[in-house]
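What follows is one structure encoded as C-alpha cells, with my remarks underneath.
The values are calculated or read from the model by the stated rules, or taken from the named source; none is laboratory data. Computed from a predicted model, the values in this text were never measured in an experiment. All Cβ positions, even for glycine, are placed from backbone atoms using ideal geometry, and neighbour counts span all protein chains on display.
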Amino acid sequence: MSLAPGTPVGRYVVRRKLAEGGMAEIFLAASRGPEGFEKEVVIKRIRSALADDPSFVQMFIAEARVASKLNHPNIVHIFDFDQHSDSYYLAMEYVRGKSLAEVQRRTRERQLHFPTVLAAQVALEVARGLAYAHKMTDHGQPLNLVHRDVTPHNILISYDGSVKLTDFGIAKAGNRATTAGMLKGKFAYMSPEQSRGEPVDARTDIFALGITLWELLTQGKLFDGDSDVAVLRAVQERPIESPAQLNSAIDSELDAIVLRALLRDPAGRYQNAHDFERALQQYVIHHTRSPEDADVGAYLRELFAEEFRADQTEPEVPLQLLTPPPGRSSGEGLAVRGGTPSLGMAPVGMDTAAYAFTARQSGKGAPAGTPTGGPVPSVVTQRSPAGTGSLTAAGMGGARRFLVPGMVGTGVFAALCAVFLLGRGTSSVAPASVPAPAPPAAPAPPPAPPVQATLPPATAPAVAVPASPPVQVGPPGFLTVEATPWGKLVIDGKSYGDIEGVSKRISLSPGPHEVRLVNRKTKSWTVPIESGKTRQLKYNFITD
C-alpha cells in the first residue's frame, strides 16, 4: 500500500510521491522537530508487495549499511534507516535538480549536443565520488566496494551544479560473494566481465562511467538490442565506435580518454577511478576558456529554465536566529536517541553541535515539471507546507547550545540601529523628538534664528562603479570553500547559494577574486586564483 500525503513515517511526514521503481517507492517528505523545524528529505521505501521477500529486504538493508558509511560531496547522503509498519525505509538527501537521464532526454528533444567540457566535468565529479567509495575501509579493513550500477539514472545534478551518485542498492563489498549465475545491474551499462558473471572490481564502475560519458557526448546508445540477451551480446562483442566519429566537437584528447575507459580488457582500462578523474580534470583545465564553460549548474538552469523558475517562486526570508521560549534552556527541545539529536539527519563525521536556522516562506505545492517517474532529484534548499516556516539545521553532535547571548545581543543591536537610522532622516523636516532638559543653574538660551540650509551647486551624484571582472589569462583555476555550519557564498558579487560543509569545486578565471561567506556575520577574502591550481578556504561561524 502506497503512502498518502500527510502520512507520518517515523520522524517524517510524507509530502508527495515522486517515483516508483521495481523495488522501491520514492517520496518527498519533511523531518519534524521542535519550534516548527523542518528539513526536506527523500524517503525510499520497499514496495509493499516485496516487503515479505527476504532477498529484497536483505538487499535493502545492505544498501543502508553500505551507504551510511559514505560521506562525500559527490555521493547522496543517507540520514536515517528505520522500519515503518511492515516495511523498511531510508531517509536520504534531497537534491533539487534533475537526473542525468533527464538531462540527456531534454538535450535530445531539443536536438542539442551536450558541451564536451561540461560532459567531462560531470564525469570527473562522478569519478571523484567513485574513487572515494572504492577506497572505503571499515575498522581499517578495505571494503573493496563496487557500485555496479553507474548509470545516467543514478547520477543527480542540482541546480547549483552539484553532481552526486546515488543508489548503492546493489553495491558489492569484496567480502560478499555474488550468487552464481545472478546478474545485478542494468545490462546496457555492464562491463564485459560483469555481464559474464565474473568477479568485479573498481574497473567495472570505470567501464560503466565510460559508457555514460560516451552516450552523453554522442546522444546515442552504445549497447542496445531487442532483448536482454541481445544487449548482453552487444556488451561483449559489438565494436565500440569512436565518439569523435559521431560528434565532430570531440577532440582527440577526450576521444582517447573515453576509449581507454571502454577497453574490454580490464588490464587496459584506467586501473582506478582516481586515474580516470585526473585524466578528465586535465582535459577540463586545458580546454576551459571561461568559468561558464565548466558551470554545470548554469547549463542545467538554462536547459530547464521553466522548471527552475517554478522552483524559485518562494522568496527567502532573511536569516532568523531562534531564541528558546521562556522556561527552556538553549539546549532543550531535541529528543536524543543514542547520543544524536533525533531529527533523522545527523551527518556522518560532524562533531560540533551548532545550529543556524534559515526561515523560508510557505510553499505552493509541487513546481511545474516535477518528474513523476525515474530517479529522483534530491538537498539544496528547503521548502515548507502552506502556512508554516521552514528551517535548515546544519551540524549534529555533543554540545547543544546555540549561543543565546549572541542572539539576544543581535536583537538589541538591530533595535539600536533602527533608532539610529530613524534619527537620521533625509527629509528637510526635522523629526519630532523630546528636547533634553537644560541644566538647572543655567538660564535657557534664547532661541537661535532659523538657518536657511545652503545646498552646494548641483553636481552629478557619485556613482559607485563596480570593479571590472578580472581578465582571464590562460586556463582557469579552481576554488573550494568549507563553511561550518553553513554560509551563503558570494564570489565577485555573484551568489553561489548556501554551502553546508565543503562546496563543489568552482572554476574561476586567473587573478584576484572577492569572496564572501554570509551567515550571522560576513567573512570576506581577496583570493588570488592561479591557472590549473585549486585554492581552499575554510571558515567556522561558531568558533572563528
Worksheet item: What residue, among those in region 185-194 that are touching a Lys or Arg at 6+ places or on another chain (Cβ under 9 Å) and at pLDDT 90 or above, is farthest from D275 (Cα to Cα)?
Response: A188
Worksheet item: Within the bounds of region 268-275, is there any residue that is closer than 27 Å to E198 by Cβ, surrounded by 15 or more Cβ atoms within 10 Å (Cβ to Cβ) and among the basic types (K, R)?
Response: yes
Discussion item. Taking the condition of being modelled with pLDDT under 85, of a type outside the set (A, V, I, L, M, F, W, C) and under 22 Å from N154 (Cα atoms), how many residues in region 18-52 meet it?
Written reply: 4
Worksheet item: Which one of the conditions (1) modelled with pLDDT of 95 or more; (2) in contact with a His (Cβ under 9 Å, 6 or more places away or on another chain) does G210 fail to meet, given that it meets all the rest?
Response: (2)
Practice prompt. Could you check how many residues of region 496-540 are outside any strand (DSSP E or B) and closer than 25 Å to I75 by Cα?
Written response: 5
Item to complete: Answer with yes or no whether R15 is modelled with pLDDT under 85 and crowded, with 17+ Cβ neighbours inside 10 Å.
Response: no
Worksheet entry | V518 being at pLDDT 85 or above and within 30 Å of H286 (Cα to Cα) | no
Item to complete: Report yes if S31 is assigned to a strand (DSSP E or B) and among the hydroxyl-bearing types (S, T, Y), otherwise no.
Response: yes
